[in-house]
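A.B. asks: Dropping the structure in here first, questions after.
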Amino acid sequence: MILTEARDVSTNWGMKPQCKVSVSSSGETHEKDMSLNQPMINYLVSKHGKSSNGWIGKTIEVTTKFIKGNDAIVPKDEYKAK
């Protein structure tokens, strides 16, 4: 679940939007900062609008996908196995 609106944060790969999320896995929940990649931003904008304030409280099921030589976290329903 998204807990905060996105803010630009300096990373090893330049400025990236980041927000705090609640992650549930194996029955445990943890809060963490998550950098948003372009597929995730595109999904959030298409589903919940451009303002990241509107993303707060939304839950997104994610998976990993190999994109441009790296594993990336992406919305699961956007990258279903074919």
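A.B. asks: Mind listing just one residue for me: the one in the range 1-46 that is of a type in the set (D, E, K, R) and out of contact with any helix residue (DSSP H, G or I) (no Cβ under 9 Å at 6 or more places or on another chain) and, of those, surrounded by the fewest Cβ atoms within 10 Å (Cβ to Cβ)?
C.D. replies: Glu28
A.B. asks: Looking only at the range 1-41, which residues are in contact with a Cys (Cβ under 8 Å, 6 or more places away or on another chain) and closer than 16 Å to Ile60 by Cβ?
C.D. replies: Let us first name the residues in the range 1-41 that are in contact with a Cys (Cβ under 8 Å, 6 or more places away or on another chain), namely 2-7, 33-34, 36.
If the condition is that a residue be in contact with a Cys (Cβ under 8 Å, 6 or more places away or on another chain) and closer than 16 Å to Ile60 by Cβ, then Ile2, Leu3, Thr4, Glu5, Ala6, Asp33, Met34, Leu36 are the ones that fit.
A.B. asks: Counting just the residues of the range 52-68 that are free of Cβ contacts under 8 Å to residues at least 12 places away in the same chain and not in a strand (DSSP E or B), which one comes out farthest from Met1 (Cα to Cα)? So that I can check it myself, show each step before the final result.
C.D. replies: So the first thing to find is which residues in the range 52-68 are free of Cβ contacts under 8 Å to residues at least 12 places away in the same chain, and the list is 54, 64, 66, 68.
From what is left, the residues that are not in a strand (DSSP E or B) are 54, 68.
Values: Gly54: 12, Lys68: 26 Å.
Within the range 52-68, the match that is farthest from Met1 (Cα to Cα) is Lys68.
A.B. asks: Residues to consider are Ile73, Ile56, Ile2; find the one that is touching a Phe, Trp or Tyr at 6+ places or on another chain (Cβ under 9 Å) and at negative phi.
C.D. replies: Of Ile73, Ile56, Ile2, the one residue that is touching a Phe, Trp or Tyr at 6+ places or on another chain (Cβ under 9 Å) and at negative phi is Ile2.
A.B. asks: Here is a further query. Test of understanding: among Asp77, Asp71, which residue is part of a strand (DSSP E or B) and either of a type in the set (Lys, Arg) or modelled with pLDDT under 95 (or both)?
C.D. replies: Numbers: Asp77 fails: part of a strand (DSSP E or B).
Asp71 is the lone residue from the list that is part of a strand (DSSP E or B) and either of a type in the set (Lys, Arg) or modelled with pLDDT under 95 (or both).
A.B. asks: Which of the residues belonging to the range 58-82 are over 13 Å from the mean Cα position of the chain (by Cα) and of a type in the set (Gly, Ala, Ser)?
C.D. replies: Gly69, Ala81
A.B. asks: Still on this structure: If you go through the range 51-75 one residue at a time, how many are closer than 15 Å to Gln18 by Cβ and of a type in the set (Ser, Thr, Tyr)?
C.D. replies: Selection size over the range 51-75: 1.
The values are calculated or read from the model by the stated rules, or taken from the named source; none is laboratory data. It should be emphasised that the depicted structure is a prediction, and the values quoted were computed from it without experimental measurement. Cβ coordinates were reconstructed from backbone atoms using ideal geometry, including for glycine residues, and neighbour counts include every protein chain displayed.
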